[in-house]
Amino acid sequence: MSAVEQSRYLATEIPGPVSRELSKRRAVAVAHGVASAMPVYAARAGGGIVEDVDGNRLIDLGSGIAVTTIGNAAPRVVDAVCAQVAEFTHTCFMVTPYEQYIAVAEQLNRLTPIAGEKRSALFNSGAEAVENAIKIARYYTRKPAVVAFDHAYHGRTNLAMALTAKSMPYKSGFGPFAPEVYRAPLSYPFRDRLLDEKLAVDGELAAARAIQVIDQQVGAHNVAAVLIEPIQGEGGFIVPAEGFLPTLLRWCRHHNVVFIADEIQTGFARTGAMFACEHEGIQPDLICTAKAIAGGLPLSAVTGRAEIMDAAHRGGLGGTFGGNPVACAAALAAIATIEHDGLITRARRIGEVMTKRLTRMQRVDKRIGDIRGRGAMIAVELVKPGSADPDAELARGVAAAAHAAGVIVLTAGSFGNVLRLLPPLTISDELLIEGLDIIAEVLARV
């Protein structure tokens, strides 16, 4: 049980005086390009609550962007980290290796939905995992091109920015970007319906549209990898129509193209399965993971078919901090928490609660164009009444008003008009419902 009291409480206005003082210090110390969604500063967190430096307790519907999925300061993670820090904090796996790295790789190989013999390599961030997956795919296939999708987000490093679709704030002014990156249309049922009702529900038809673009603009013989989020994150929690992912995978297998699933936001129980790929029963060639993998510590991984993962020459993969022993200890504890505490089932329950409450809101509010997602990864797409026109101003207004009322909620989407809900799986039903009620109240008056 968390030591942080599990109730929403506003001791001051948002932000409070201590947070305002920290903001003044930040303004002269931190680069202005680093932004924050909320003007409050965290002091402690646990369960479904983040407590700030002024004593305000906020309902957490963001989980640090899907990182603290098992809850902040999860007991097993805290114990494992403390024990590991007391032993050693770093030697570099490329110099004097250690068991913790191997143990994490073994767990990933056991858990990832890929048949046959598997291998894993550990890194620090999601962007690193993506870039290394591309390196591996290019080395294995000896082909240059990579296909990503509309609305995709894959990170902030140079190649990852090239793979990311949204310009502001991620790409604008930071080019030129890595070459040989191409973009194909995603299955986006809510917006595909504006073009063709069948396209919105027939994933195979939507995949055929994407494949036609790839064949015509790139050529299968040039494509090393197709990279896709099984459910898009920053793009707005877009769930492709059923059949889209399996059809793409079949095309990849037929043309010796590596199918890479970016499960950085969707992985580790978030969607009501250990990995989102499991919902359609697909087995990627490579899976990228990060965020929730280590209960809040920086760690990422690429896991995949052994013949692909082993293709790169010795020394071709690695990094000074990749697979840090403290982060590895946290990852082993995080995986144990998910499995022993039944958090996959809990994610499904949270999804049911959120979807039920949001659907009631949608019945009386025509500005809610779409509710979508899986498990504890649910989005609300806001539109102008009587149309499908995105309403980014409304999304910003709702988020800001929710913040002022003590609820952490994030926005997303290529058009900036999506509210994304990512509560920790340790949140109580009572706090979750209270948070949703506040969003409903805010939406009614914004």
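One table, with the values for the structure above:
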item	result
Any hit, segment 216-227, residues being surrounded by 21 or more Cβ atoms within 10 Å (Cβ to Cβ), more than 19 Å from residue 287 (Cα to Cα) and touching a Pro at 6+ places or on another chain (Cβ under 7 Å)	no
Count - residues of segment 361-406 that are without any contact (Cβ under 8 Å) to a residue 60 or more places away in the chain and of a type in the set (Lys, Arg)	4
Inter-residue pairs, beta-carbon under 9 Å, first closer than 12 Å to residue 350 by Cβ and in segment 419-440, second at pLDDT below 95, 6+ apart	426/2
Test: residue in segment 81-102 that is under 30 Å from residue 45 (Cβ atoms), crowded, with 20+ Cβ neighbours inside 10 Å and out of contact with any helix residue (DSSP H, G or I) (no Cβ under 7 Å at 6 or more places or on another chain)	no
Filter result for residue 359 (at pLDDT 95 or above, over 25 Å from residue 70 (Cβ atoms) and among the hydroxyl-bearing types (Ser, Thr, Tyr))	yes
Check on residue 445, of a type outside the set (Asp, Glu), at pLDDT below 95, surrounded by fewer than 19 Cβ atoms within 10 Å (Cβ to Cβ) and farther than 25 Å from residue 152 by Cβ	yes
Scan of segment 248-291 for residues that are of a type in the set (Asp, Glu), buried (at least 24 other Cβ atoms within 10 Å of the Cβ) and either assigned to a strand (DSSP E or B) or touching a Ser or Thr at 6+ places or on another chain (Cβ under 9 Å) (or both), ordered by number	262, 263
Condition broken by residue 140, with the remaining ones in (1) of a type outside the set (A, V, I, L, M); (2) crowded, with 19+ Cβ neighbours inside 10 Å; (3) under 13 Å from residue 305 (Cβ atoms); (4) touching a strand residue (DSSP E or B) at 6+ places or on another chain (Cβ under 6 Å) satisfied	(4)
Selection from segment 196-230 of residues that are part of a helix (DSSP H, G or I) and either farther than 23 Å from residue 181 by Cα or among the aromatic types (Phe, Trp, Tyr) (or both)	197, 198, 199, 200, 201, 203, 204, 205
Selection count where residues are surrounded by 18 or more Cβ atoms within 10 Å (Cβ to Cβ), closer than 22 Å to residue 399 by Cβ and of a type in the set (Ser, Thr, Tyr), scope segment 1-58	2
Lone unmet requirement of (1) surrounded by fewer than 24 Cβ atoms within 10 Å (Cβ to Cβ); (2) outside any strand (DSSP E or B) for residue 435	(1)
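The values are calculated or read from the model by the stated rules, or taken from the named source; none is laboratory data. These figures come from a predicted structure and were not determined experimentally. All Cβ positions, even for glycine, are placed from backbone atoms using ideal geometry, and neighbour counts span all protein chains on display.
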